[in-house]
Amino acid sequence: MIHSTAILDYQPEQSAAFGRKTHRAWLPVRLGGNVSVGPFAVVFAGVTIGDDTLVGIHAIVREDVVIGKSCIIGANCYISYGVTIGDNVRINEGVNVTGNTVIGSGTFIGPHVSMANDRHIDVVNYVYRHTMIKPPVIGRNVVIGTGAILLPGVKIGDGAVIAAGAIVTKDVPGGMTVMGIPARLRVQL
Ligand SMILES: CC(C)(COP(=O)(O)OP(=O)(O)OC[C@H]1O[C@@H](n2cnc3c(N)ncnc32)[C@H](O)[C@@H]1OP(=O)(O)O)[C@@H](O)C(=O)NCCC(=O)NCCS
């Protein structure tokens, strides 16, 4: 079901102001069976979406994103360029998934989680280089609590839990819980 106000195959904009250039020929969106795209959602060209996945109201899915089967991309999510999402992933409302992030199957991302892929925030002297981009890599069956922030390049192991509001600055081993700012391993007493 594609809502009448949803936009598919949106071509990435070009602007001299952009550091990252994206000009090339784009493939059309590829949708599996029983996919839903909600009102005012924008799915860019070159996106692939698996069977039974739902893209919620006002979500934006940028170019070259691959989304697996039976996922939910919540309302107002921003899924940036080149993100790869496994099967059965739940991304709640208002999540910012930064460019080239990898998310393993079965992972749950709470509302308003945000991610960064570039430590360089100097606008005046900024020159985009692909090699500077270090997205988070999120394993399978990870749980990320609401409002958590993942900084560039962090690797979250399978089955880890990120507490609500945590700022993750370092890798998190599989099966462990981290919380706080900066996120620290939870000590089990
Ligand atoms: C991390 C979490 C899973 C721990 O749950 P829990 O095992 O039941 O832990 P408790 O509530 O018993 O809290 C244990 C301790 O951690 C602290 N704590 C709990 N959550 C915390 C958080 N997000 N950040 C910092 N400290 C936290 C508690 O204050 C408590 O501290 P104390 O021992 O000094 O009193 C849970 O608090 C959490 O953040 N869940 C995410 C919820 C969420 O975002 N859901 C999204 C869908 S709506």
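Only one of 90, 129, 140 is within 19 Å of residue 43 (Cα to Cα) and basic (Lys, Arg); which?
On the way: 129 fails: within 19 Å of residue 43 (Cα to Cα); 140 fails: within 19 Å of residue 43 (Cα to Cα).
Of 90, 129, 140, the one residue that is within 19 Å of residue 43 (Cα to Cα) and basic (Lys, Arg) is 90.
Among the residues of region 167-189, which ones are part of a loop (DSSP other than H, G, I, E, B) and either of a type in the set (D, E, K, R) or touching a Gly at 6+ places or on another chain (Cβ under 6 Å) (or both)?
Just the residues of region 167-189 that are part of a loop (DSSP other than H, G, I, E, B), to begin with: 169-171, 173-176, 180-183, 186-189.
Across region 167-189, the qualifying residues are 170, 171, 173, 174, 175, 186.
How many residues are in contact with a Phe, Trp or Tyr (Cβ under 9 Å, 6 or more places away or on another chain), part of a loop (DSSP other than H, G, I, E, B) and surrounded by 12 or more Cβ atoms within 10 Å (Cβ to Cβ) when one looks only at region 21-46?
Quick first cut of region 21-46, residues in contact with a Phe, Trp or Tyr (Cβ under 9 Å, 6 or more places away or on another chain) only: 21-22, 26, 29, 42-46.
If we keep only those that are part of a loop (DSSP other than H, G, I, E, B) as well, we get 21-22, 26, 29, 45-46.
Now drop any that are not surrounded by 12 or more Cβ atoms within 10 Å (Cβ to Cβ), which leaves 22, 26, 29, 45-46.
Looking only at that region, the number is 5.
Any residue in region 167-178 that is touching a residue at least 12 places away in the same chain (Cβ under 8 Å) sitting within a Cβ distance under 7 Å of a residue that is among the basic types (Lys, Arg) and within 13 Å of the ligand (Cβ to nearest atom)? List the pairs, counting only those 6 or more apart or interchain.
Short answer, once both residue conditions are applied: 177/186; 178/184; 178/186.
Restricting to region 51-71, and then to whatever is among the aliphatic types (A, V, I, L, M) and surrounded by 22 or more Cβ atoms within 10 Å (Cβ to Cβ), can you tell me which residue is nearest to residue 36 (Cα to Cα)? Don't jump to the end; show me each part of the working.
Let us first name the residues in region 51-71 that are among the aliphatic types (A, V, I, L, M), namely 54-55, 57, 59-61, 65-67.
Pick out the ones that are also surrounded by 22 or more Cβ atoms within 10 Å (Cβ to Cβ) and you get 55, 59, 61, 65, 67.
Values: 55: 6, 59: 12, 61: 13, 65: 16, 67: 13 Å.
Only one residue tops the list, namely 55.
Determine whether residue 52 is over 30 Å from residue 124 (Cα atoms) and either among the acidic types (Asp, Glu) or at pLDDT below 95 (or both). Spell out the reasoning first.
Numbers: over 30 Å from residue 124 (Cα atoms): yes; either among the acidic types (Asp, Glu) or at pLDDT below 95 (or both): yes.
In short, yes.
If the requirement is being within 16 Å of the ligand (Cβ to nearest atom) and part of a loop (DSSP other than H, G, I, E, B), which of these qualifies: 153, 159? First the steps, then the outcome.
Values: 153 fails: within 16 Å of the ligand (Cβ to nearest atom).
Matching residue, one of 153, 159: 159.
So residue 171 fits all but one of (1) closer than 17 Å to residue 90 by Cα; (2) surrounded by fewer than 17 Cβ atoms within 10 Å (Cβ to Cβ); what number is the exception?
(1)
Scan region 77-95 and tell me whether some residue there is within 25 Å of residue 174 (Cα to Cα), assigned to a strand (DSSP E or B), among the polar types (S, T, N, Q) and out of contact with any helix residue (DSSP H, G or I) (no Cβ under 9 Å at 6 or more places or on another chain).
Checking region 77-95: at least one residue is within 25 Å of residue 174 (Cα to Cα), assigned to a strand (DSSP E or B), among the polar types (S, T, N, Q) and out of contact with any helix residue (DSSP H, G or I) (no Cβ under 9 Å at 6 or more places or on another chain).
The values are calculated or read from the model by the stated rules, or taken from the named source; none is laboratory data. Here the structure is a predicted model, which means the values were calculated and not measured. As a convention, Cβ positions derive from the backbone with ideal geometry for all residues, glycine included, and neighbour counts pool all protein chains shown.
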